[in-house]
Amino acid sequence: MKTKRIAIFASGSGSNAENIARYFAGNSAVKVACFISNKKDAYVFERARKSGIPSYYFSAGQFKNTSDVVDFLKKENIDFIVLAGFLLKIPENILQAFPQAIINIHPALLPEFGGKGMYGDRVHEAVLAAGRKQSGITIHYVNENYDEGEIIFQAACNISPNDTASDVAAKVHTLEYEYFPKIIEKTLNLLF
Ligand code: GRF
């Protein structure tokens, strides 16, 4: 069977990107072909270097106004795109080139606490401000609106009364590391 090639898009630290790359290392069915970032100095580049994953920078302007990213993904024979802490909206040309083949992870239980501007600690602060007793992760297909594509998987964690946003972030990250690679694998098996 043909190896499925994944590109992981990340704007920041990239701990999920690294975790996913580690999970699939040595797997002949799935290859993490590259990390892509829209931030030149993102820590994900350091993780790419350590993990031996090729990594590439494309500016926000290239994403929005050119076909550079799609051309690159096609040249690299990418089958599937994973957004892991990627903060730019995915433009129409990429959505069209990869139908049902782009997924995102959101650090809360959608449909609540999603949408534009809802990323990082802002999400966890909003969850705490709303007095929620639980948060979690949502893995979903990507469409033209932030955090609105079809939900593939959710998992929840409990919030304790004294939890801070960083406590919630840590619990959410634990869920992300555990489930995101497995759900990617499952989704690939269903699609291809
Ligand atoms: C994760 O919590 C992810 O859900 C969100 O951004 C965070 C990225 O963390 N979309 P990292 O860069 O993978 O460490």
Given (1) surrounded by 19 or more Cβ atoms within 10 Å (Cβ to Cβ); (2) not in a loop (DSSP other than H, G, I, E, B), identify the lone condition not met by F86. (2)
Answer residue from segment 23-41, given it is within 14 Å of the ligand (Cβ to nearest atom) and touching a helix residue (DSSP H, G or I) at 6+ places or on another chain (Cβ under 7 Å) and is nearest to Q62 (Cα to Cα) among those: N38
Look at segment 2-19 and say how many of its residues are among the hydroxyl-bearing types (S, T, Y) and more than 8 Å from the ligand (Cβ to nearest atom). 1
Boolean, A84 is away from the ligand (no atom under 16 Å from the Cβ) and under 23 Å from E148 (Cβ atoms): no
Check K133 against each of (1) more than 16 Å from F113 (Cα to Cα); (2) more than 17 Å from the chain's Cα centre (by Cα); (3) touching a residue at least 12 places away in the same chain (Cβ under 8 Å) and name the one condition it does not meet. (1)
From the options Y146, Y119, Y177, residue that is hydroxyl-bearing (S, T, Y), part of a helix (DSSP H, G or I) and either crowded, with 21+ Cβ neighbours inside 10 Å or within 17 Å of the chain's Cα centre (by Cα) (or both): Y177
Residue check, S55 more than 15 Å from the chain's Cα centre (by Cα), farther than 15 Å from Y146 by Cα and hydroxyl-bearing (S, T, Y): yes
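Bear in mind that the values in this text are calculations on the coordinates, not laboratory data. Keep in mind the model is a prediction, meaning the values are calculated, not measured. No Cβ is skipped: glycine too gets one built from the backbone with ideal geometry, and neighbour counts run over all protein chains shown.
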